[in-house]
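Heads up: the structure comes next, in structure tokens.
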Amino acid sequence: MKTIIIVVVLTLVGLIGFSFVSSSYEASNDAMSSVVNEKNTASYTISGAVNRPGTYVLPVDSTMDDLIIAAAGATVNADYLSYDVTFTLRPADKSYYIAPIYDNEDTCAKDPIVKCDINSADIDTLHEVAGLSNALCQAVVSFRATTVFQALEMVKDVPGIGQATYLAIRNKITLRSPGA
């Protein structure tokens, strides 16, 4: 009887040991495939008028639409003029923003935020609406002569516009005009 109990216990220990080795092997394979997949993915953060702001891992050739879908969609306050769903996310820009139509600070806002189209507004409008200096307005106009702004974050590519200026103007600019 003792022999049978010992055989049963050793069999159980062997099976348990085998399952640990097997799961360790599978974990090792999963780690290898995640290393392979990491080369084809990137982390992007989205904030602003989306349902679930946060950081998402997406394939490197993902579009703004993919990122917005990962964030459970845009809110009803999202300004569709401030983003282009066909824009391919840039690995250099790890953070994207969806601007609101109405000021989030003012819960009773009835009027939308006054904005201008960064791709077509003249210097006076850029100065008046976005609050840019004349020199920065000229830099924007010169920059867009060769580049179309496809994401709000691209405004940081304009010489003289850094993170602070971008944060100050991102709710005041759009990528296209209504009806375009």
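The values are calculated or read from the model by the stated rules, or taken from the named source; none is laboratory data. If you're wondering where the values come from, they're calculated on a predicted model, not measured in any experiment. Every residue, glycine among them, receives a Cβ derived from its backbone with ideal geometry; neighbour counts consider all protein chains shown. Each accessible area value is taken on the protein alone, full model and side chains, heavy atoms only, with ligands, DNA and RNA left out. Shrake-Rupley method; radii C 1.70, N 1.55, O 1.52, S 1.80 Å.
So here's what we get for this one:
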| read-out | value |
| --- | --- |
| Lone qualifier among Ala139, Ala135, Ala121, Ala168 - being closer than 28 Å to Ser43 by Cα and either in a helix (DSSP H, G or I) or at pLDDT 95 or above (or both) | Ala168 |
| Matching entry among Ile68, Ile113 (being in contact with a strand residue (DSSP E or B) (Cβ under 9 Å, 6 or more places away or on another chain), β-branched (Val, Ile, Thr) and assigned to a loop (DSSP other than H, G, I, E, B)) | Ile113 |
| Selection within segment 155-179 - crowded, with 17+ Cβ neighbours inside 10 Å and either of a type in the set (S, T, N, Q) or without any contact (Cβ under 8 Å) to a residue 40 or more places away in the chain (or both) | Val155, Val158, Ile161, Thr165, Tyr166, Ile169, Asn171, Thr174 |
| Where Ala135 falls short, out of the listed (1) over 25 Å from the mean Cα position of the chain (by Cα); (2) closer than 29 Å to Pro59 by Cβ | (2) |
| Filtered residues of segment 74-100 (kept if without any contact (Cβ under 8 Å) to a residue 40 or more places away in the chain and open to solvent by less than 50 Å² (accessible area, probe 1.4 Å)) | Ala74, Thr75, Asn77, Ala78 |
| Meets criteria (outside any strand (DSSP E or B), farther than 30 Å from Ala42 by Cα and of a type outside the set (Ser, Thr, Tyr)) for Gly160 | no |
